[in-house]
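K.L.:
Before I ask anything, here is the structure I am working with.
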Amino acid sequence: MELLQALYRIAAPSGNEKAMLRFIEERLKAICGVRYDIDAMGNIYVVKGNAETYPCVVAHTDEVHYRPETGYEVISIHDAIVLGYNSTLGAFSGIGADDKNGIWVALKCLEKYDVLKCAFFVQEERSCVGSYRADMEFFEDCRFVLQCDRKGNSDLIVSINGMALCSKQFIKATEYKKFGYKRATGLISDVVALKQNGLGVSCVNISCGYYEPHTDREYTVVADLYKCLDFVQHIVETCTAVYAHVYKAPKRHRYAGIYGWGGFDDDLFEPHYAGRPVHPKPADNHPSHYRTMLKRMMQMVDADPSLGLEALAARLDREFPMMRYSDFSMAYSNIMGKQSLTPATERH
C-alpha cells in the first residue's frame, strides 16, 4: 500500500508529469538489474535482464486531475478502498488511479521478475501523444504487451472500435476466465497507438480496480487491483511464446444519418483520422470552443450511442474547424469514461 499511496500523492496532470517521471526514475534506480532510457518526449523504456524475448507491461504517467496545492490527502479505508480528499475544500478529489494503478502493476512486476520490459508513456490523456511517438524498436523482441488502464475488475480489452488487438491464441493462453475476466471492447489507450504504429505482437488492456475515472469521486478497490496484478503475473509467467499479431484496419459500420446529414460510410473518413496523433490544424482552440464542442458531442452520443470516435470527429470537424483530432478524442474519452458503447455486433 505504501507504493500505491505514494503514487496517488503525486500530481501529474497531462503535459506536466515531471514529478511522476522523477519518482519512477528513482524507483527504477533502486531495482537491481534494471536499465532504462528516456526519449525526447519523456517516455521511459525499461529493460530488466537479458533474454531473446521479453514479456512487456506498459502504463501512462499522466492523469486528468488538476489538484490544489494544499489540503490534498490520500485516504485508505480499512486497506480496502483508497480515495482522495481535499480538506481545504471539504470535498473528494481524484487520485489519478487512471493510470497510477497501471504504473503500480508495472513496478511490482519489475521488482519480482528477472526478465521484463516496461514502458511508461506521457500524455495518454491527450490522445496518446507519447505512445504515438514511441520507439517501436524497443518492442521488436517482446512476446506480448499488457496495459492496465481500464476501470472495473473484469474487462480484458481485446479490440478497440472494431480493431483487433491480439490473436485468439493469446486470448486463450491468458486463461482469463480463471481470474474472473471476460473479453470486452474498449476505447483509445496506449496499446492502440502501439498497434497502429506497427506493433507486431498481441496486446491487451486490463481492468485494474479503479472506478469513476476522470471524476473527483475516483477511487480504487484494493482487492480488484491485486486481482489485476495476479492476472498480469500469471500471463508473464505462463505465456512464454511470442504471440504474433498484425494490425488490420478496423471494419467500419454505416450509420443512419442525423442532423440532416443523411447516411454515410465512415470508411470515407478513416484515412483522415485513424492513426494520426497530430492534426495539421493550428492550436487556436479557446477553452470555450472546446466546451461547446464537448456539449455538442454529448448531444450526438445521446441521440445515437452507436456513433464511434471517428464518426463523431468526421461530423464535428465541419462544425468546429479549429479543433484537432486530439481534442475530439479527449472529449470522447471524457464522455464515455473509457467504457465502450460500440454496437452490439462488435461486442465479444
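The values are calculated or read from the model by the stated rules, or taken from the named source; none is laboratory data. If you're wondering where the values come from, they're calculated on a predicted model, not measured in any experiment. Quick reminder, even Gly has a Cβ in these numbers, built from the backbone with ideal geometry, and neighbours come from all protein chains shown. Quick note on the areas: whole protein, heavy atoms, side chains included, nothing else; ligands and nucleic acids left out. Shrake-Rupley method; radii C 1.70, N 1.55, O 1.52, S 1.80 Å.
K.L.:
By per-residue mean of other Cβ atoms within 10 Å, what is the highest-first order of 200-211, 28-39?
P.N.:
200-211, 28-39
K.L.:
Given the protein chains as shown and a 1.4 Å probe, how many square angstrom of Thr70 are accessible, to the nearest 10?
P.N.:
Roughly 90 Å² of Thr70 is accessible to a 1.4 Å probe.
K.L.:
Stretched out fully, how many nm does the piece from Asp230 to Ile38 gain, at 0.36 nm a residue minus the Cα gap? Mind showing how you got there, number by number?
P.N.:
Values: separation 192, 0.36 × 192 = 69.12 nm, distance 2.84 nm.
Full-extension gain reported as 66.3 nm.
K.L.:
Continuing with the same structure: Quick one: which of 84-91, 132-139, 227-234 comes out on top by average Cβ neighbours within 10 Å, and what's the full order, highest first?
P.N.:
Result, highest mean Cβ count within 10 Å first: 227-234, 132-139, 84-91.
K.L.:
Could you tell me which of the pairs Lys29/Lys100; Lys195/Lys227; Lys182/Lys227; Lys168/Lys195 are separated by over 23 angstrom between their Cα atoms in the structure shown? Before the final figure, lay out each step's value.
P.N.:
Numbers: Lys29/Lys100 19 Å; Lys195/Lys227 26 Å; Lys182/Lys227 13 Å; Lys168/Lys195 16 Å.
Pairs exceeding the cut-off: Lys195/Lys227.
K.L.:
Separate question: Under 5 Å between amide H atoms, partner at least 5 residues away or on a different chain: which partners does Ile81 have, H built in plane at 1.01 Å?
P.N.:
Under 5 Å from the amide H of Ile81: Val222.
K.L.:
Amide H neighbours of Cys142 under 5 Å, counting only residues 5+ apart in sequence or on other chains, H built in-plane at 1.01 Å?
P.N.:
Tyr54
K.L.:
Ignoring any ligand, DNA or RNA, what whole percent of the accessible area of the range 1-121 comes from carbon and sulfur when the probe is 1.4 angstrom? Don't skip to the answer; put the middle values down first.
P.N.:
Values: 2680 of 5200 Å².
Roughly 51 percent of what the probe reaches on the range 1-121 is carbon or sulfur.
K.L.:
Beta carbons within 10 angstrom, averaged per residue: use that to sort the peptides 15-25, 41-51, highest first. Numbers along the way, then the final one.
P.N.:
Details: 15-25: 16.7, 41-51: 18.4.
The packing order, highest mean first, is 41-51, 15-25.
K.L.:
Per residue, how many Å² of accessible area does the range 81-188 show with a 1.4 Å probe? If you can, show how the numbers build up before the last one.
P.N.:
Values: 3570 Å² over 108 residues.
Solvent-accessible surface per residue comes out at 33 Å².
K.L.:
Now for a separate question. Taking the Cα centre of the range 144-225 as origin, work out the dipole magnitude from +1 charges on Lys and Arg Cβ and -1 charges on Asp and Glu Cβ, in debye rounded to 20.
P.N.:
480
K.L.:
Can you compute 3J(HN,Hα) from phi for each residue in the range 312-327, using the Karplus curve 6.51 cos²θ - 1.76 cosθ + 1.60 with θ = phi - 60°, rounded to whole Hz and x for Gly and Pro?
P.N.:
Here the 3J(HN,Hα) series is 5, 4, 4, 6, 6, 4, 7, 7, 10, x, 7, 7, 9, 4, 4, 5 Hz.
K.L.:
Let me ask something else. Given 0.36 nm per residue, what is the gain on full extension from Asp216 to Lys177 after removing their alpha carbon distance, in nm? Don't skip to the answer; put the middle values down first.
P.N.:
Numbers: separation 39, 0.36 × 39 = 14.04 nm, distance 3.20 nm.
Once the chain is fully extended between Asp216 and Lys177, it gains 10.8 nm.
K.L.:
Another question, then. Would you work out which of Gly15, Thr61, Val34 lies farthest towards the positive end of the dipole of the range 4-76? Charges go on Cβ: Lys and Arg +1, Asp and Glu -1.
P.N.:
Sorting the options by dipole projection puts first Val34.
K.L.:
Another question, if that's okay. In terms of modelled amide H atoms, which long-range or inter-chain residues lie less than 5 Å from the amide H of Asp149?
P.N.:
Ile206
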